[in-house]
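Report on the following structure.
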């Protein structure tokens with residue numbers, strides 16, 4: 001054992017050899033289990049004891065005994081080797097397309113309407129992909145992407161909304177992959193003077209008090225680009241479902257993306273839909289990832305397949 005009083009870091013080979021001995025309590029069986037020679041195994045265990053400056057194994061002519069400290073070292077060795085195994089598995093998965101974990105961020109005004117299609121696609125086409133879904137507002141998603149917490153975003157484009165300063169004036173931190181364009185529709189109470197019309201000019205929005213989502217939603221910003229500011233005392237909602245219920249209750253009118261109409265209009269019976277004359281106001285939905293993403297080709301392929309899956313929805317595919 002070490003005589004200089006300093007503990008050295010064990011090697012993986014030493015930990016693996018010692019753990020085999022701790023599991024089998026027999027040097028010959030332990031050597032066979034890890035494909036080593038018995039002298040090589042004994043040397044690795046002795047080297048571990050030398051590195052740690054501690055006795056881990058008692059050797060007798062009939063049996064092997066693991067010391068109390070050796071039992072604690074064995075528990076640590078299991079965790080260390082287990083973590084190394086997970087590390088190598090994750091790296092190997094990253095080398096193979098559509099395997100391993102994928103953290104997908106989705107904005108709330110998209111998630112309820114597109115996720116069923118996305119989840120079915122992943123389940124049917126990419127069974128080895130472990131999908132983690134994070135529903136957050138755009139700002140939080142972009143922060144998560146930049147920090148590496150998220151891998152891919154499904155959101156309204158452009159991802160940054162109005163131009164956002166770039167650190168150092170360099171290239172954009174994100175790469176965008178357009179999927180589709182969709183129109184907005186106006187949802188009103190059935191007694192509203194515009195109810196049921198299909199040729200309304202977008203300029204009519206400047207004359208209406210449109211109910212909006214609360215601050216932080218990109219759809220709110222898009223609506224404000226089309227509508228006049230409704231004032232600080234106006235009603236606000238945290239989600240589209242609440243907006244629709246407010247409309248059904250006679251509190252006003254609101255804008256919905258076309259992909260949300262079927263789901264949200266089905267939740268209330270006192271609604272009428274107003275469609276705009278061409279060119280109708282709308283938004284573009286797509287994917288965003290880091291410009292430096294190592295899985296860029298994989299994300300491009302995923303986008304192409306996702307476009308096909310989204311074709312039955314009331315959208316115009318792009319890209």
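Only residues that are at pLDDT 90 or above, surrounded by fewer than 16 Cβ atoms within 10 Å (Cβ to Cβ) and outside any helix (DSSP H, G or I): list them for the range 1-25, please.
Hits for the range 1-25 are 9, 11, 25.
Can you tell me which residues in the range 46-80 are more than 12 Å from residue 25 (Cβ to Cβ), more than 43 Å from the chain's Cα centre (by Cα) and either touching a residue at least 24 places away in the same chain (Cβ under 8 Å) or surrounded by 12 or more Cβ atoms within 10 Å (Cβ to Cβ) (or both)?
46, 47, 49, 50, 53, 54, 55, 56, 67 - these are the residues of the range 46-80 that are more than 12 Å from residue 25 (Cβ to Cβ), more than 43 Å from the chain's Cα centre (by Cα) and either touching a residue at least 24 places away in the same chain (Cβ under 8 Å) or surrounded by 12 or more Cβ atoms within 10 Å (Cβ to Cβ) (or both).
So is residue 141 buried (at least 17 other Cβ atoms within 10 Å of the Cβ), in the same structural domain as residue 312 (by TED's automatic domain parsing) and within 23 Å of residue 317 (Cα to Cα) or not? Quick ask: steps written out before the conclusion?
Values: buried (at least 17 other Cβ atoms within 10 Å of the Cβ): yes; in the same structural domain as residue 312 (by TED's automatic domain parsing): yes; within 23 Å of residue 317 (Cα to Cα): no.
Considered against the rule, which asks whether it is buried (at least 17 other Cβ atoms within 10 Å of the Cβ), in the same structural domain as residue 312 (by TED's automatic domain parsing) and within 23 Å of residue 317 (Cα to Cα), residue 141 comes out as no.
So, in the range 29-41, of the ones that are in a helix (DSSP H, G or I) and either surrounded by fewer than 11 Cβ atoms within 10 Å (Cβ to Cβ) or touching a strand residue (DSSP E or B) at 6+ places or on another chain (Cβ under 9 Å) (or both), which residue ends up modelled with the highest pLDDT? Give the derivation first.
To start, the set of residues in the range 29-41 that are in a helix (DSSP H, G or I) comprises 29-34, 38-41.
If we keep only those that are either surrounded by fewer than 11 Cβ atoms within 10 Å (Cβ to Cβ) or touching a strand residue (DSSP E or B) at 6+ places or on another chain (Cβ under 9 Å) (or both) too, we end up with 30, 39.
On the way: 30: 91, 39: 94.
The residue in question is 39.
In the range 292-319, which residues are exposed (fewer than 13 other Cβ atoms within 10 Å of the Cβ) and in a loop (DSSP other than H, G, I, E, B)?
292, 294, 311, 312
(1) surrounded by 20 or more Cβ atoms within 10 Å (Cβ to Cβ); (2) out of contact with any strand residue (DSSP E or B) (no Cβ under 7 Å at 6 or more places or on another chain): which one isn't true of residue 213, the others all being true?
Going through the list (1) surrounded by 20 or more Cβ atoms within 10 Å (Cβ to Cβ); (2) out of contact with any strand residue (DSSP E or B) (no Cβ under 7 Å at 6 or more places or on another chain), residue 213 breaks only (2).
Being in contact with a helix residue (DSSP H, G or I) (Cβ under 9 Å, 6 or more places away or on another chain) and outside any loop (DSSP other than H, G, I, E, B): is that true of residue 259 here? If you could, list the steps in order and put the result at the bottom.
Details: in contact with a helix residue (DSSP H, G or I) (Cβ under 9 Å, 6 or more places away or on another chain): yes; outside any loop (DSSP other than H, G, I, E, B): yes.
It is true that residue 259 is in contact with a helix residue (DSSP H, G or I) (Cβ under 9 Å, 6 or more places away or on another chain) and outside any loop (DSSP other than H, G, I, E, B).
Check residue 312 against each of (1) over 19 Å from residue 155 (Cβ atoms); (2) not assigned by TED's automatic domain parsing to the domain that holds residue 111 and name the one condition it does not meet.
(2)
The values are calculated or read from the model by the stated rules, or taken from the named source; none is laboratory data. Keep in mind that this is a model prediction, so the values were computed, not measured. Cβ coordinates were reconstructed from backbone atoms using ideal geometry, including for glycine residues, and neighbour counts include every protein chain displayed.
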